[in-house]
Amino acid sequence: MGTTPRSIQSLLHTATPDIADLIGRARFLERMRRAILEILPEAAGAHVRVAAYDNYRLRLHVTHGGWATRLRYMQPSIAQALAQRMRLHIEQVEIKVRPDPNPVAPAPVPRFMSDTARTHIRRSARYIEDSELAGALERLAAAGRGPEQ
């Protein structure tokens, strides 16, 4: 009754000319990004995106101001790399700071508490008159884990 499902890749290849132009432009920008990353430190890969190339102007987006500063110093090297690798003429390199829209949360670091520290916290809680603070210290002592747990 229904048609068989088709992959997105096959749909994009049979798409309208506008979508084909968009796909071609995205591939071109990705080739530019790879050429630029060849001359940058390895750590830059996650922080640099090629946003646009129009009228001999290259626009790069970076996630932090520190990377923007590093790339500003490297503008002549970037233009030279693209000229050699892709035969592109670059008159101006614009660098904009755009924070990562999907930041990766760092993995939680396990915290350990020795039995001695747990005992001291419980003893301190007994002498504190503020019941909320004493309760918080008791919960902290109860939640503390040793490295073997």
Residues whose built amide H sits under 5 Å from the amide H of Ala51, excluding neighbours closer than 5 in sequence, are Arg59, Leu60, His61
Considering region 106-149, what Rg and Dmax in Å follow from its alpha-carbon atoms? 11.9, 37
Hey, with R₀ at 41 Å, roughly what FRET efficiency would Asn102 and Asp130 work out to, going by the Cβ-Cβ distance, to 0.05? 0.45
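Just flag the GluC sites (Glu not before Pro) in region 1-78 sitting in loop per DSSP whose Cβ has no more than 12 other Cβ atoms within 10 Å.
On the way: sites: Glu30, Glu38, Glu42; in loops: Glu38.
Filter output for region 1-78: Glu38.
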Whole-Hz Karplus ³J(HN,Hα) for region 108-117, in order, using 6.51 cos²θ - 1.76 cosθ + 1.60 and θ = phi - 60°, x for Gly and Pro? x, 8, x, 10, 10, 10, 6, 4, 5, 5
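Assign unit charges at the C-beta atoms only (+1 for Lys and Arg, -1 for Asp and Glu), then state the dipole size of region 106-149 relative to its Cα centre in Debye, rounded to the nearest 20.
On the way: 7 positive and 6 negative charges, 30 e Å.
Value, rounded to 20: 140 debye.
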Scattering from the C-alpha atoms of the chain alone, worked out with Debye: what is log10 I(q)/I(0) at q = 0.11, 0.12, 0.16 1/Å? -0.66, -0.69, -0.92
Within region 58-149, which chymotrypsin sites (Phe, Trp or Tyr not before Pro) sit in a loop by DSSP and count at most 12 neighbouring Cβ atoms inside 10 Å? Phe112, Tyr127
Over all Cα pairs of region 10-97, how is the pair count split among 5 Å bins, expressed in % and running from 0 up to the last occupied bin? 3, 14, 24, 24, 14, 9, 7, 4, 1
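For Ala46 and Leu140 in one chain, what is 0.36 nm times their gap in residues minus the Cα-Cα distance, to one decimal in nm?
Values: separation 94, 0.36 × 94 = 33.84 nm, distance 3.74 nm.
30.1 nm is the gain from fully extending Ala46 to Leu140.
Taking region 85-149, which GluC sites (Glu not before Pro) meet the DSSP loop condition and have no more than 15 other C-beta atoms within 10 Å?
On the way: sites: Glu91, Glu94, Glu129, Glu132, Glu138, Glu148; in loops: Glu91, Glu129, Glu148.
Passing sites in region 85-149 are Glu91, Glu129, Glu148.
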Fewest-first sequence of Leu29, Leu60 by Cβ atoms within 10 Å of each Cβ: Leu29, Leu60
What does DSSP give for the chain in terms of the percent of beta bridges that are antiparallel, rounded to the nearest 5? 50
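No value in this document is a laboratory result; all are computed from the given coordinates. All figures in this text were calculated on a predicted structure; none of them were measured in a lab. Glycine gets a Cβ as well: all are built from the backbone with ideal geometry, and neighbour counts include every protein chain shown.
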